[in-house]
1. State which residue is nearest to LEU21 (Cα to Cα) when the search covers only segment 220-273 and only residues that are assigned to a helix (DSSP H, G or I) and of a type in the set (Lys, Arg).
2. Return the only residue of PHE111, PHE152 being surrounded by fewer than 19 Cβ atoms within 10 Å (Cβ to Cβ) and touching a residue at least 24 places away in the same chain (Cβ under 8 Å).
3. Out of GLN227, GLN220, I need the residue that is in contact (Cβ under 8 Å) with a residue 12 or more places away in the chain and surrounded by fewer than 15 Cβ atoms within 10 Å (Cβ to Cβ). Which one?
4. Can you report the number of residues in segment 1-23 which are under 21 Å from ALA145 (Cα atoms) and at pLDDT 95 or above?
5. (1) of a type in the set (Asp, Glu); (2) outside any helix (DSSP H, G or I); (3) over 23 Å from ALA172 (Cα atoms): which one isn't true of ASP40, the others all being true?
6. Suppose the filter is of a type in the set (Asp, Glu), more than 18 Å from PHE263 (Cβ to Cβ) and in contact with a helix residue (DSSP H, G or I) (Cβ under 7 Å, 6 or more places away or on another chain); does ASP31 pass it?
7. At pLDDT below 95 and either within 30 Å of ASP240 (Cβ to Cβ) or in contact with a strand residue (DSSP E or B) (Cβ under 7 Å, 6 or more places away or on another chain) (or both): which single residue out of ALA170, ALA162, ALA157, ALA123 fits that description?
8. Scanning for something buried (at least 21 other Cβ atoms within 10 Å of the Cβ) and at pLDDT below 95, does segment 55-62 turn up at least one residue?
Amino acid sequence: MSMGRIERRFAALKAQGRAGLVTFVMAGDPDRDTAQQILDGLPAAGADLIELGIAFSDPMADGPSIQAAGLRALKAGQSLRRTLEMVRRFRQHDDDTPIILMGYFNPIDSFGVADFLAAARDAGVDGLIVVDLPPEEDDELCRPAIEQGLRFIRLVAPTTGAQRLPRVLAGAGGFVYYVAVAGVTGVKSAEADMVAAGVARLRAATDLPIAAGFGVKTPQRAAQIAQVADGVVVGTAIIDRLATMLDDAGRARRGAVEEVLAFVSALADGICQQDRDIS
């Protein structure tokens with residue numbers, strides 16, 4: 001498989017001697033226009049890779065903040081087709097920043113796997129994170145996605161055992177997403193020393209870059225994780241920052257986009273100031 005945007009971005013980050021900031025935002029939250037403005041503004045704010053959430057009504061792996069974001073998006077009329085259109089619009093002015101769609105299999109299955117993969121590739125999607133498809137279900141989406149040139153990013157948890165790990169990593173592409181804490185997103189905080197141990201275990205098992213997330217809430221914590229991981233994933237904290245800028249009806253107040261992007265810039269600044277230790 002030829003080098004794609006994800007591989008090029010991590011190679012550039014390695015050459016710069018720093019970890020990357022991987023930002024998660026929910027497509028369509030709180031409305032299509034605001035979400036598009038945030039997505040379009042992320043690279044200039046310092047996001048190196050973007051995870052774009054697929055709104056779903058039963059997000060079992062997500063904490064309250066991302067669940068609420070998904071429900072806001074669905075209420076505003078977001079769909080998988082509209083999510084792909086967001087990527088297409090983004091690609092009109094940015095052909096470099098990797099975009100990974102993150103969500104659950106149900107919306108993809110309803111869309112039709114073959115049709116979805118063709119539409120995703122055409123829109124400019126680089127990879128997929130589908131949290132409810134274990135390796136035993138690779139024929140459903142993972143292998144067809146790889147055949148279409150999309151990277152299938154695997155989640156590895158602290159509880160993933162030594163016997164299970166090779167099976168989880170089989171077919172993985174782009175990078176490995178290390179779930180730094182057990183449980184749903186955004187509830188617990190990631191402890192840097194525990195993340196370091198988990199990342200070290202993964203480095204012995206794969207040559208893929210490793211991005212750590214789940215529970216990274218502040219620029220300071222992001223900077224700590226950046227010392228040991230190739231990427232730092234921040235999602236809930238960004239969603240929470242947006243939520244503070246919504247009115248009682250869930251509509252974006254003036255300055256909401258700027259507030260979110262300023263927070264992303266603070267995260268990026270913290271990461272860029274750190275010397276890495278990946279020995």
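1. Filtering segment 220-273 for residues that are assigned to a helix (DSSP H, G or I) and of a type in the set (Lys, Arg), the one nearest to LEU21 (Cα to Cα) comes out as ARG221.
2. The unique qualifying residue is PHE111.
3. GLN220
4. 7
5. For ASP40, the failing item is (2).
6. Judged against the criteria, ASP31 is not a match.
7. Of the residues listed, the single one that is at pLDDT below 95 and either within 30 Å of ASP240 (Cβ to Cβ) or in contact with a strand residue (DSSP E or B) (Cβ under 7 Å, 6 or more places away or on another chain) (or both) is ALA157.
8. yes
The values are calculated or read from the model by the stated rules, or taken from the named source; none is laboratory data. As the structure is a prediction and not an experimental result, all values here were calculated from the model. All Cβ positions, glycine included, derive from the backbone under ideal geometry; neighbour counts span all protein chains shown.
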